Every structure is written in structure tokens, then in C-alpha cells.
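The values are calculated or read from the model by the stated rules, or taken from the named source; none is laboratory data. This is a predicted model, so every value here is computed, not measured. Virtual Cβ from ideal backbone geometry, glycine too; neighbours counted across all protein chains shown.
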Amino acid sequence: MPLPTRVKLVEVAPRDGLQNESQPVPAAVKIELVHRLQAAGLREIEVTSFVSPKWVPQMADNAEVMAGIDRMPGVRYSVLAPNLRGYEAAVAARPDEIVVFGAASEAFSQRNINCSIAESIERFRPVVAAARAAGIHVRGAISCSVGCPYEGEVAPERVELVARLMKEIGVQHLGVADTIGVGTPRRTQRALEAALRHYAVDDLSGHYHDTYGQALANTLAALQLGVRQFDAAVAGLGGCPYAKGATGNVATEDVVYLLHGMGIDTGVDLDALVDTGAWISAALGRGTQSRVARAVLNKRAG
Ligand code: HMG
Ligand code: MG
């Protein structure tokens, strides 16, 4: 499979990157993060989630953040919605894309969204129908596609099942997520191959947390299967409150460096992205998790 010449990056730092922060992050900081990301060339931004504020307090300002963004033409703003209640709140904020999120592991489904996999599909069904009727694109995510913090290794057959169910209810694009970053390249490919039984490769993306430092290798493994869309978070921010021990997403800076180095276009200005990562890391009071950003900043310093 020849490598693609262009890859679409979905920047998930405002949502996945910040949802797990224990200190409240002001809405104004989240809004400025979105503005800086779009100025750096990101054209897909996952802004927030319309979930229960009791479960994820950090995303309680979802409507305020969406309302505060100066929308740039050509940028697609997505939000998570786990049920009809979330969808109705989300749609009032005019997202371009809705994301429903399920899991390949029963235990994670219960912990994360308080229902079984089968129940989650029934909750998503009216969300997907309503979004599609409104002309809003629908993406789905499958968490724990290679491993689960509660069940251990997850078989590709589990991914295949959830991919089939997502397809049946009309989910248009599927993100295959390694929530706890345990995957290695072959296992990552097997999870994608399972999803490929129901989705075209152009309708699949990878979402890799970097807990075990495998996310770039897994990105390359996915590219080799023809996957051309990836989620990433600037400065390597992120984590899921219901996946203990899991660290951040693969850093967008690192993915951009990898792709540009292989002659693959992303439309992203790496220097502007490094600045954005440095800015949000300072706002959160910590250093960046991006190796590329650290290298670029060190080089600039001297
Ligand atoms: P539940 O308790 O089963 O829902 O939660 P419920 O329908 O029984 O409602 C209970 C209460 O929540 C009620 O309020 C509802 O009104 C309220 P009360 O009467 O107690 O005051 N409620 C809501 N409020 C606001 N927005 C809503 C909503 N729905 C119900 N949408 C629910 C089910 C899904 C809501 C809950 O489990 C939840 O919010 N979970 C949070 C899940 C989450 O955000 N996880 C992190 C994102 S997923 C992720 O990070 C993985 C990903 O990155 C990929 C990867 O890495 O794997 C995508
Ligand atoms: Mg995630």
C-alpha cells in the first residue's frame, strides 16, 4: 500500500486533552487554544463534549466554549455527544460534526458511559439519526480497541462487532482508539483490519494514547494500511478519567514532524504548533509532553 500524500489531523486537545485536568481550565483559555490551533493550520478541531458535568466537570463549560469561538471558514468543529440529551445540548451550539463514543470492552463501556455496549448502541441510534437528518456529520469512536484497563487484551473480533453495530446505525466515520496506549504495530493493524470489514479505509482514523511510547509506531503501521486520518493532541495532552494509568494522546507536533519528514502534507505549520503547545503547557503549569516540541524549543534557545 503506497503511503498517502496528505493526512488529515483531528486536533483533540481542547476535548480529550483537557477533560482530565484536575484544576479548572477557564473557558477563555480553551477558546484561545482553539483559535491558536486553527491559526496553526488545523482544520479539524474536537472542541468539547456534551456529557454529564457530574461525570466530567472539566467539560461543563461546553456551550460557553462553543459560543466563544471565532469560527474560521474551512474548519470543522466537532463535539462528543453520548446520548440524546447531550445531542440536544450540542446541536444548539452548532457543531459541524457529532462524535458518539462506544467501546470494544464491556467493562470500559460500563465505567465510561454507564451502560453495556448493546445499550450504548441504542442510545447512539437516535443521536445518529437526528444528526444525519440535520446534515451534521457523524463520527464514532471505539475505545479500548486493543486493550482495556479492566479486561486486559481486547480481541479484534470485539472491534469488528462494534464497528458493524456503528455502521448499522449510520455512523459515517470510525475512529479506532487505543485508550490506554498499550498497542504495538501489529495489534494496531489487526484492530484496524477488523474495522475495515465494515468501513472503507477513507472512513477510518486512528486515535492513539502514548502511554507506552508506541503511538508513532502505531501511526506508521496505520499509514501502511492506508489510513489517512489521525487524532492527536498538542503538547501530548489528554487522558480519560475512566482509564486509570493512561497518559496523554500522541502529541500533534510529533505526528506532524513524522508526516512532514516522510513527505506527507498536513497543512499544519509546525513552528506555530510548537508555540501553541508551549503556550497551553505554560497555562497548565507544566512542561510539554511532545519530544519534537522540546527539541524545537531547545534548538531555538540556543
Ligand atoms: P447516566 O448516569 O447513565 O445517565 O450517565 P442518565 O441518563 O441516567 O442521567 C443521569 C444524570 O445525568 C441526570 O441528571 C441526567 O440529566 C444527566 P440528574 O437527574 O442526576 O441531575 N445527563 C446529562 N447531563 C448533561 N449532558 C448529558 C447528560 N446525560 C445525562 N449528555 C452519561 C450516562 C453518558 C451521561 C455519563 O456516563 C457520562 O457523562 N459519562 C462521561 C463519559 C466521558 O465523557 N468520558 C470521556 C470521553 S470518552 C474518551 O475520552 C475516549 C476517547 O478519547 C477515545 C479513546 O481514547 O478511547 C473518545
Ligand atoms: Mg482518547
Got a sec? Which of Ser78, Ser52 is touching a residue at least 40 places away in the same chain (Cβ under 8 Å) and within 29 Å of Ala191 (Cβ to Cβ)? Ser78
Any hit, the range 185-202, residues being within 16 Å of ligand 2 (Cβ to nearest atom), touching a residue at least 40 places away in the same chain (Cβ under 8 Å) and over 19 Å from Val10 (Cβ atoms): no
Subset of the range 1-23, residues farther than 22 Å from Ala141 by Cβ and either at pLDDT 95 or above or away from ligand 1 (no atom under 16 Å from the Cβ) (or both), comes to Met1, Pro2, Leu3, Thr5, Arg6, Gln23
The conditions are (1) farther than 24 Å from Arg76 by Cβ; (2) part of a loop (DSSP other than H, G, I, E, B); (3) in contact (Cβ under 8 Å) with a residue 24 or more places away in the chain, and Cys115 fails exactly one of them. Which is it? (3)
Quick one: count up the residues across the range 73-82 that are within 16 Å of ligand 2 (Cβ to nearest atom) and part of a loop (DSSP other than H, G, I, E, B). 2
Could you tell me which numbered condition Gly17 fails, if it satisfies all but one of (1) within 16 Å of ligand 2 (Cβ to nearest atom); (2) in a strand (DSSP E or B)? (2)
Just wondering, is there one or more residues in the range 130-153 that are crowded, with 21+ Cβ neighbours inside 10 Å and in a helix (DSSP H, G or I)? yes
Let me spell it out: the conditions are (1) under 21 Å from Thr276 (Cβ atoms); (2) without any contact (Cβ under 8 Å) to a residue 24 or more places away in the chain, and Glu44 meets all of them except one. Which number is the exception? (2)
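From the list Leu223, Leu204, Leu297, Leu216, which one is out of contact with any Phe, Trp or Tyr (no Cβ under 6 Å at 6 or more places or on another chain) and within 17 Å of Arg36 (Cβ to Cβ)?
Details: Leu223 fails: within 17 Å of Arg36 (Cβ to Cβ); Leu204 fails: within 17 Å of Arg36 (Cβ to Cβ); Leu216 fails: within 17 Å of Arg36 (Cβ to Cβ).
After applying the criteria, what remains is Leu297.
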Being more than 11 Å from ligand 1 (Cβ to nearest atom), in contact with a Ser or Thr (Cβ under 9 Å, 6 or more places away or on another chain) and assigned to a strand (DSSP E or B) is the filter here; which residues of the range 194-249 pass it? Gln229, Phe230, Ala232
Can you find even one residue in the range 43-52 that is more than 14 Å from ligand 2 (Cβ to nearest atom) and farther than 23 Å from Thr288 by Cα? yes
Among Gly267, Gly263, which is the only one that is at pLDDT 95 or above, exposed (fewer than 14 other Cβ atoms within 10 Å of the Cβ), at positive phi and not basic (Lys, Arg)? Gly263
Just a yes or no: is a residue in the range 52-72 near ligand 1 (Cβ under 9 Å from one of its atoms), over 19 Å from the mean Cα position of the chain (by Cα), in a loop (DSSP other than H, G, I, E, B) and not hydroxyl-bearing (Ser, Thr, Tyr)? yes
Counted residues in the range 216-244 being within 21 Å of Val296 (Cβ to Cβ), touching a strand residue (DSSP E or B) at 6+ places or on another chain (Cβ under 8 Å) and in contact (Cβ under 8 Å) with a residue 40 or more places away in the chain come to 8
Residues being part of a helix (DSSP H, G or I), within 16 Å of ligand 2 (Cβ to nearest atom) and either polar (S, T, N, Q) or surrounded by fewer than 24 Cβ atoms within 10 Å (Cβ to Cβ) (or both): count how many of those fall in the range 83-112. 3
Failed item in (1) within 11 Å of ligand 2 (Cβ to nearest atom); (2) touching a helix residue (DSSP H, G or I) at 6+ places or on another chain (Cβ under 6 Å); (3) closer than 16 Å to Leu216 by Cα, with Thr247 passing the rest: (2)
